[in-house]
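Step one of this worksheet: look at the structure below.
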Amino acid sequence: MKLLHQVPRNALVWIIIAQFTLVAPHAGRVPTWILLLYLFAALWRIQVYRGQWSFPGRWVKAVMMLSGFAGIYFSYSSLIGLEPTVALLLTAFALKLIETVARKDVYVLIFLAYFVCITEFLFTQDLLIVGYSLLNVIVITTALVALHQPGEHQFNRRTIRLAGVMVLQAVPLMLVLFFLFPRIGPLWTVPVKSHAAKTGISDFMKPGDIANLSQSADVAFRVQFEGEIPDKSQLYWRGLVFSKLEEGAWTNLGYFDIPAKQRRTVIVDTIGDPLRYSIIMEPTQQNWLFGLRHAVPDRPGILVAPDFRLYSLVVIEDDFRYSVESWPEAPLETKLSSWRREVELRLPAGDNPRTRELANAMRLEAGSDREFVDAALERFNVEPFVYTLKPPLLPDSNPMDAFLFDTLRGFCEHYAYAFVVMMRAAGVPARVVAGYQGGEINPVNRTVVVHQFDAHAWAEVWLPGEGWVRVDPTASVAPERIEMGLEDAVAEEGTFLAESPLSPLRYRSIRWLNQLRLRYDALTYRWQSWVVGFDGKVQFDLLRDVFGEVSAGRFAAALIGAWALVLIPVALSLLRKRDTRPRRPLDREYLRVCDRLEAAGYPRRAGESAAHYATRISQACPAWAAPLEQITALYNTCSYEGLSSGETSEVAKSFYRAARGFRPRRCDSDIATAGPEFDS
């Protein structure tokens, strides 16, 4: 094979490095055998380069390809979907390395590498991932640069400098495209992530579900208020409203479960000024959104359900920002329809007989529904109930009887479940609400950070003249959970983030570490607000503020002008004449001597030889004559008598010692009178 078509060793090393850096972010979501395949492919290609193994034949490549398809199918039970599609791309990326023979194969591999780098953004657009992906781009570009250095057969770390400069040169153009290029809708659809990848509250609730979620330190969403932040005990972020109890699990009403006449949201009389805030949600692969009581969104595509919860018409697959106005004190549905009343009183026949009997007895003793609610809360407060993340398992039949009379230990969903069953059994309409409660206030930027461990369940009861009223039985058992947070509520049992020992949230007592965490979270919020949230509407508003009326002519002129400002300097720098010949270490050392003489006031003239330069300087400053003659003689000997190739020769060593030891000071003589002019 001709040298022009061979793959340089330096390029091969950088390609293998790029493969491992590209697969690293996917390590947690792909099967282990794909990671082992990368090790196997790298080993095979290295052995081929060493001449120990040969390239795979046609049948071997066919078996590898079919095995890759089969492995992905058995790992994901399908070849359709985002995860199996990305896994298939990663598998092809690894196998392509084994059959890489010539430069043309490497071009395919490198272009595929750029595409693999982009796939990470299909799963997350976190700031750290963006920085890591930028490093990956530099590594891939380094492999591309090394591919165009056919004579470089040693691993060269200096290649990455040129690649870094190329990437930095592209940054201004990237900024122009980001701010000015029109936001065009996708030309194709990306397969939706599987439900196995979702995070957050599920669309059904059984005892233990939210307790498991509370072991996660992941961020659910971030909130920024206009004005003062309400007290933590008032931050109840409604997400789902569970009105159906079937087979021991609470679920929300589907669209077709609601009669057509009941699907319209009831008009609410608002009182006072609203709370205004914006929320940036993490991807959930679900439709529901979160907001405080009686939330009214200002973004198209977000609707309010008849039970006053927010939902999006599209699945939340990326960071999602929306603004909301809420009236927490507004009465909701003061007049209850017969259909709604029947739904919110429904219980499975025959379930939890002891709970029903207790509820009916307490209701007979109470003078009103409000007094019955207070009596139930007092029972939770007086009886020896325990708030814990590790409650005992409840039986499938009559679980609330076992909880209220036997175990007395549970998490928020246990208390909300039992409370609503008691209310319904006594004829008081009630339902379970799932969402988040509280949140951490970041003092750096005054945002409320709501984590998954803030997941919470509470109840809503309907009272005459008041409508739907929030009742949180957990507050009667563990008021510190509502006022302080989960960490304080379970401090004695030590179960807070027990399954995440490396989470920075476990070490908030270490001041410097906590400050670093909060500052990074504030930076993440800015990233989500300014970059990830820079959609077509934000772009249009920005351009309108800058240019006034946004017309096609002004937009085209701004785009072309910005491109010109960016590309013209780059083009001029590329067209400028450069000395591309590499200098020998010997020449570089001699030029340093010339630089010192120039700094002392004796510059070297264009085309002047080393000997003539030394003679002229010696006449001007006799004190420098001896060292300059020695340096010049040694330099000429190494340059013109064949000794320059041997940098370790005694003559070369003597030259380096003399050159590095020469430190001239300015003489009293003037270079202008120091002999005849040199004629080039």
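Key figures for this structure:
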{"read-out": "Some residue of the range 443-453 being crowded, with 22+ Cβ neighbours inside 10 Å, among the aromatic types (Phe, Trp, Tyr) and within 27 Å of VAL219 (Cβ to Cβ)", "value": "yes"}
{"read-out": "Per-region count, the range 234-262, residues of a type in the set (Gly, Ala, Ser) and either surrounded by fewer than 12 Cβ atoms within 10 Å (Cβ to Cβ) or modelled with pLDDT of 90 or more (or both)", "value": "4"}
{"read-out": "Members of the range 49-74 found to be touching a residue at least 24 places away in the same chain (Cβ under 8 Å) and more than 33 Å from the chain's Cα centre (by Cα), listed by number", "value": "TYR49, PHE55, PRO56, LYS61, MET64"}
{"read-out": "Given (1) on the phi > 0 side of the Ramachandran plot; (2) touching a strand residue (DSSP E or B) at 6+ places or on another chain (Cβ under 7 Å); (3) of a type outside the set (D, E, K, R), index of the condition GLY467 fails", "value": "(2)"}
{"read-out": "Some residue of the range 638-656 being at pLDDT 85 or above and not in a helix (DSSP H, G or I)", "value": "no"}
{"read-out": "Members of the range 98-126 found to be surrounded by 16 or more Cβ atoms within 10 Å (Cβ to Cβ), in a helix (DSSP H, G or I) and in contact (Cβ under 8 Å) with a residue 24 or more places away in the chain, listed by number", "value": "ILE98, ARG103, VAL106, LEU109, ILE110, ALA113, VAL116, CYS117, THR119, GLU120, LEU122"}
{"read-out": "Subset of the range 330-374 [part of a helix (DSSP H, G or I) and more than 27 Å from PHE308 (Cβ to Cβ)]", "value": "PRO353, ARG354, THR355, ARG356, GLU357, LEU358, ASN360, ALA361, MET362, LEU364, GLU365"}
{"read-out": "Some residue of the range 30-42 being outside any helix (DSSP H, G or I), in contact with a helix residue (DSSP H, G or I) (Cβ under 7 Å, 6 or more places away or on another chain) and modelled with pLDDT of 90 or more", "value": "yes"}
{"read-out": "Given (1) assigned by TED's automatic domain parsing to the domain that holds ARG276; (2) in contact (Cβ under 8 Å) with a residue 60 or more places away in the chain, number of the condition GLU487 does not satisfy", "value": "(2)"}
{"read-out": "In the range 306-315, residue surrounded by the most Cβ atoms within 10 Å (Cβ to Cβ) [restricted to those that are touching a strand residue (DSSP E or B) at 6+ places or on another chain (Cβ under 6 Å) and assigned to a loop (DSSP other than H, G, I, E, B)]", "value": "ASP307"}
{"read-out": "Selection status of ILE15, within 26 Å of LEU147 (Cβ to Cβ) and in contact (Cβ under 8 Å) with a residue 24 or more places away in the chain", "value": "yes"}
{"read-out": "Hey, PHE93 under 25 Å from ILE129 (Cβ atoms) and either of a type in the set (Phe, Trp, Tyr) or exposed (fewer than 14 other Cβ atoms within 10 Å of the Cβ) (or both) or not", "value": "yes"}
{"read-out": "Residue, nearest to ALA522 (Cα to Cα), within the range 271-284, restricted to residues that are modelled with pLDDT of 85 or more and surrounded by fewer than 17 Cβ atoms within 10 Å (Cβ to Cβ)", "value": "ARG276"}
{"read-out": "Answer from SER509, SER551 - the residue that is loosely packed, with under 11 Cβ neighbours inside 10 Å and at pLDDT 80 or above", "value": "SER509"}
{"read-out": "Strands (runs of 3 or more DSSP E) fully within the range 388-467 counting 1 or more residues that are without any contact (Cβ under 8 Å) to a residue 60 or more places away in the chain and over 14 Å from VAL373 (Cβ atoms)", "value": "440-442"}
{"read-out": "All positions within the range 366-387 that are of a type in the set (S, T, N, Q) and either in contact with a strand residue (DSSP E or B) (Cβ under 9 Å, 6 or more places away or on another chain) or without any contact (Cβ under 8 Å) to a residue 60 or more places away in the chain (or both)", "value": "SER368"}
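The values are calculated or read from the model by the stated rules, or taken from the named source; none is laboratory data. Predicted model, so just to flag it, every value in this text is computed and none were measured. Cβ coordinates were reconstructed from backbone atoms using ideal geometry, including for glycine residues, and neighbour counts include every protein chain displayed.
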